[in-house]
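A.B. asks: Have a look at this one.
The values are calculated or read from the model by the stated rules, or taken from the named source; none is laboratory data. Quick caveat, the model's predicted, so the values are computed rather than measured. Note that each Cβ is placed from the backbone with ideal geometry, even for glycine, and that neighbours are counted across all protein chains shown. For accessibility, only protein heavy atoms count, side chains too; no ligands or nucleic acids. Shrake-Rupley method; radii C 1.70, N 1.55, O 1.52, S 1.80 Å.
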Amino acid sequence: QSGPVIDMPVPASFNDITQDPRLENYIGWVWYEKEVLLPLRWLQGHPAPRVVLRFGSAHYYSIVWVNGVQVMEHEGGHLPFEADISSVVQGSPGTLCRITVALNNTLTPHTLPPGSIQYMADKSRYPKNYFVQETRFDFFNYAGIHRPVVLYTTPAAYIDDITVTTTSSDSVGTVQYQVSVVGSTANSLSLSLRDREGKVVATGDGSVGELKVLNPNLWWPYLMHENPGYLYSLEVKMQAQVGEVLLEDVYTLPLGIRTVHVTSTQFLINGRPFYFHGVNKHEDADIRGKGLDWPLIVKDFNLLRWLGANSFRTSHYPYAEEIMDLCDAYGIVVIDESPGVGIKLPESFGNKSLQHHLAVMEELVQRDKNRPSVVMWSVANEPASELPPAAHYFKTVIAHTKALDPSRPVTFVTDANYALDHGAPYVDVICVNSYFSWYHDPGHLEVIPLQLTAQFENWYKTYQKPIIQSEYGADSVPGLHSDPPMMFTEEYQQALLREYHSVLDKKRKEYVIGELIWNFADFMTNQGTTRVLGNKKGIFTRQRQPKAAAFVLRDRYWKIANESSCLPPVVTSHSLFL
């Protein structure tokens with residue numbers, strides 16, 4: 001023990017829990033420990049069940065021990081990892097099981113996201129051994145065990161993985177499946193697909209096959225159909241002979257039948273043009289930081305649906321599985337992004353970084369491959385893609401992602417010049433971030449029509465691929481007003497959005513397929529001279545109260561939804577309680 005021992009809630013970031021400023025900005029190792037008593041039935045039987053310890057995510061490098069025995073290491077945050085701890089715990093029934101986690105949040109040029117440690121050697125200005133964590137992304141580097149930690153059991157032989165892909169044509173939906181079983185070669189598999197009412201609509205058997213569904217209820221996005229987010233349940237049953245014992249395992253997978261296709265001007269879901277009118281988000285809130293918080297998650301989905309948003313990007317890392325479950329259920333379309341943010345330094349394009357990025361994409365695709373809400377993978381945000389090594393780097397990452405999942409388009413989000421971007425040739429959809437009249441020509445709203453139009457036309461002329469305006473926006477301090485509009489007022493944020501929207505309205509008739517506001521809500525960042533308690537580009541405050549821009553966006557999104565929908569028109573009101 002090298003420091004104080006304090007109570008720490010899980011899941012939560014540790015940074016904002018105490019009054020200690022050293023913990024707020026702490027870089028290095030922290031230790032978590034908890035003792036639990038496992039049920040006796042978990043530790044007995046022939047064969048005894050598998051006991052698995054699973055972490056939803058931890059930031060960033062984790063080493064885990066059970067009863068003093070190291071059981072796993074994992075590099076990277078935002079994604080789950082687990083270990084079979086049966087052999088460690090089954091020898092001592094009735095005694096406490098001690099789980100210990102060492103966690104290090106240091107970022108290096110080869111982590112994802114990358115960072116670097118800068119040592120301050122000038123002893124006349126800095127204390128001895130003084131260093132700071134440098135990052136090249138604009139959100140606070142929260143750390144801790146951010147998602148639930150669970151212990152669960154399976155039989156000694158068990159269903160290890162299920163992969164499904166779906167197609168539909170005319171009045172038939174097809175579900176292709178692949179199931180893997182571990183622990184027994186002598187096993188049988190039976191599958192039942194049930195609709196929302198629990199009625200069996202298709203059955204199958206064996207580890208590979210396809211199910212046919214007559215007149216399927218397709219999975220449609222929110223506001224594109226009167227019954228969005230329709231999910232079937234795929235029940236997979238395994239029976240396996242292990243010695244003299246017949247073991248059974250059952251897994252139920254929510255399943256949506258839908259297709260995704262990209263043309264040179266359109267993004268098609270179930271054969272119909274889909275326009276992304278949505279948001280970028282962050283996992284970020286007061287006190288809990290990036291810790292999973294159910295009330296906040298449900299509040300955010302209620303705000304998304306009030307707003308008329310049909311989509312979001314998981315900027316700039318994979319979000320919690322609990323969030324993704326609700327996207328599937330509510331019909332909220334997701335661009336699923338890896339933690340590849342801040343890839344700026346030349347050394348972050350080397351082979352060591354590349355191999356880790358490939359491993360992270362494997363983990364992300366493995367976790368989210370069966371989700372109907374996930375329609376596209378994003379491998380990075382705003383990398384230095386104008387650097388020559390970016391060509392090989394992104395060609396490799398994108399090809400690897402497509403090999404893992406041929407059923408979805410792949411992109412990364414760029415802020416590079418269209419003529420200099422070495423990664424753009426390999427994406428299926430061009431996603432562009434721009435902040436005209438904010439970071440460029442600040443205060444000059446009049447330049448937006450010319451500059452934004454040129455942005456779209458240059459990208460399309462060069463690549464002939466559909467384009468998403470994946471970020472745009474302006475900071476506004478709630479309650480700050482000015483007429484004529486001035487930067488940081490609510491009026492300026494409104495005016496900037498309207499200038500962007502006027503150009504988007506022209507280009508969405510051609511090849512622009514979406515717009516995602518930056519950002520859904522204000523969020524914490526590192527301290528800096530342009531950040532007053534964080535980034536204020538949210539259309540909601542960090543406490544989820546609307547700024548004036550939220551109503552501008554709401555009117556727009558419902559108008560777009562009414563134009564393209566077969567649903568009866570919705571009249572918007574400025575009440576948050578409709």
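A.B. asks: Can you tell me which residues in segment 1-38 are open to solvent by less than 90 Å² (accessible area, probe 1.4 Å), among the hydrophobic types (A, V, I, L, M, F, W, C) and not in a loop (DSSP other than H, G, I, E, B)?
C.D. replies: Passing the criteria: 23, 30, 36.
A.B. asks: Given the structure, is residue 428 within 26 Å of residue 368 (Cβ to Cβ), part of a loop (DSSP other than H, G, I, E, B) and open to solvent by less than 50 Å² (accessible area, probe 1.4 Å)? Before you say what the answer is, go through the steps one by one.
C.D. replies: Details: within 26 Å of residue 368 (Cβ to Cβ): yes; part of a loop (DSSP other than H, G, I, E, B): yes; open to solvent by less than 50 Å² (accessible area, probe 1.4 Å): yes.
In short, yes.
A.B. asks: Can you name the number of the only condition in (1) surrounded by 19 or more Cβ atoms within 10 Å (Cβ to Cβ); (2) under 22 Å from residue 387 (Cα atoms) that residue 440 fails?
C.D. replies: (1)
A.B. asks: Checking residue 62 against (1) small (Gly, Ala, Ser); (2) in a loop (DSSP other than H, G, I, E, B); (3) in contact with a strand residue (DSSP E or B) (Cβ under 8 Å, 6 or more places away or on another chain), which single condition isn't satisfied?
C.D. replies: (2)
Conditions (1) within 20 Å of residue 541 (Cβ to Cβ); (2) touching a helix residue (DSSP H, G or I) at 6+ places or on another chain (Cβ under 9 Å); (3) modelled with pLDDT of 95 or more; (4) in a strand (DSSP E or B), marked per residue:
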position: 456; (1), (2), (3), (4): no, yes, yes, no
position: 459; (1), (2), (3), (4): no, yes, yes, no
position: 462; (1), (2), (3), (4): no, yes, yes, no
position: 468; (1), (2), (3), (4): no, no, yes, yes
position: 479; (1), (2), (3), (4): yes, yes, yes, no
position: 493; (1), (2), (3), (4): yes, yes, yes, no
position: 499; (1), (2), (3), (4): no, yes, yes, no
position: 509; (1), (2), (3), (4): no, no, yes, no
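A.B. asks: Can you tell me which of (1) surrounded by 18 or more Cβ atoms within 10 Å (Cβ to Cβ); (2) within 17 Å of residue 73 (Cα to Cα) is the one residue 150 doesn't meet?
C.D. replies: Among (1) surrounded by 18 or more Cβ atoms within 10 Å (Cβ to Cβ); (2) within 17 Å of residue 73 (Cα to Cα), the lone unmet condition for residue 150 is (1).
A.B. asks: Quick one: in segment 264-274, which of the residues that are more than 14 Å from residue 376 (Cβ to Cβ) and touching a residue at least 60 places away in the same chain (Cβ under 8 Å) is most open to solvent (accessible area, probe 1.4 Å)?
C.D. replies: 273
A.B. asks: I'd like to check something: does segment 311-325 contain any residue that is open to solvent by 10 Å² or more (accessible area, probe 1.4 Å), at pLDDT 95 or above and touching a Lys or Arg at 6+ places or on another chain (Cβ under 6 Å)?
C.D. replies: No: zero hits.
A.B. asks: Considering only residues that are of a type in the set (Gly, Ala, Ser) and in contact (Cβ under 8 Å) with a residue 40 or more places away in the chain, look in segment 472-502 and name the one that is most open to solvent (accessible area, probe 1.4 Å). Full working, then the answer.
C.D. replies: Taking segment 472-502 as the starting set, the residues that turn out to be of a type in the set (Gly, Ala, Ser) are 473-474, 476, 479, 482, 495, 502.
After this cut, where a residue has to be in contact (Cβ under 8 Å) with a residue 40 or more places away in the chain as well, the list is 473-474, 476, 495, 502.
Numbers: 473: 1, 474: 0, 476: 0, 495: 23, 502: 47 Å².
Within segment 472-502, the match that is most open to solvent (accessible area, probe 1.4 Å) is 502.
A.B. asks: Continuing with the same structure: What residue, among those in segment 33-77 that are small (Gly, Ala, Ser) and modelled with pLDDT under 95, is farthest from residue 149 (Cα to Cα)? Reasoning before the result, please.
C.D. replies: Here is the first cut: in segment 33-77, the residues small (Gly, Ala, Ser) are 45, 48, 56-58, 62, 68, 76-77.
Restricting the remaining residues to those that are modelled with pLDDT under 95 gives 45, 48.
Working: 45: 25, 48: 22 Å.
Among them, the one singled out is 45.
A.B. asks: Let me ask something else. Tally time: how many residues in segment 85-103 are within 30 Å of residue 314 (Cα to Cα) and open to solvent by 20 Å² or more (accessible area, probe 1.4 Å)?
C.D. replies: The qualifying residues number 0.
A.B. asks: If you don't mind, there's one more thing I want to ask. Hey, could you check segment 25-80 for residues that are β-branched (Val, Ile, Thr) and in contact with a Phe, Trp or Tyr (Cβ under 6 Å, 6 or more places away or on another chain) and say which is nearest to residue 103 (Cα to Cα)?
C.D. replies: Among those residues, the one meeting the criterion is 52.
A.B. asks: Another question, then. Taking residue 460 and the conditions (1) in contact with a Phe, Trp or Tyr (Cβ under 6 Å, 6 or more places away or on another chain); (2) open to solvent by less than 10 Å² (accessible area, probe 1.4 Å), which numbered condition does it fall short on, given that it satisfies the others?
C.D. replies: (2)
A.B. asks: Determine, yes or no, whether residue 46 is over 28 Å from residue 320 (Cα atoms) and in contact (Cβ under 8 Å) with a residue 60 or more places away in the chain. So that I can check it myself, show each step before the final result.
C.D. replies: Values: over 28 Å from residue 320 (Cα atoms): yes; in contact (Cβ under 8 Å) with a residue 60 or more places away in the chain: yes.
Here the answer is yes, as residue 46 does meet what is asked.
A.B. asks: I want to confirm something. Restricting to segment 195-207 and keeping residues that are of a type in the set (D, E, K, R) and more than 18 Å from residue 249 (Cα to Cα), which single residue is least open to solvent (accessible area, probe 1.4 Å)?
C.D. replies: Checked segment 195-207; the qualifying residue least open to solvent (accessible area, probe 1.4 Å) is 195.
A.B. asks: Shifting gears a bit: So in segment 511-529, with the set limited to residues that are in a strand (DSSP E or B) and of a type in the set (Val, Ile, Thr), which one is nearest to residue 441 (Cα to Cα)?
C.D. replies: 517
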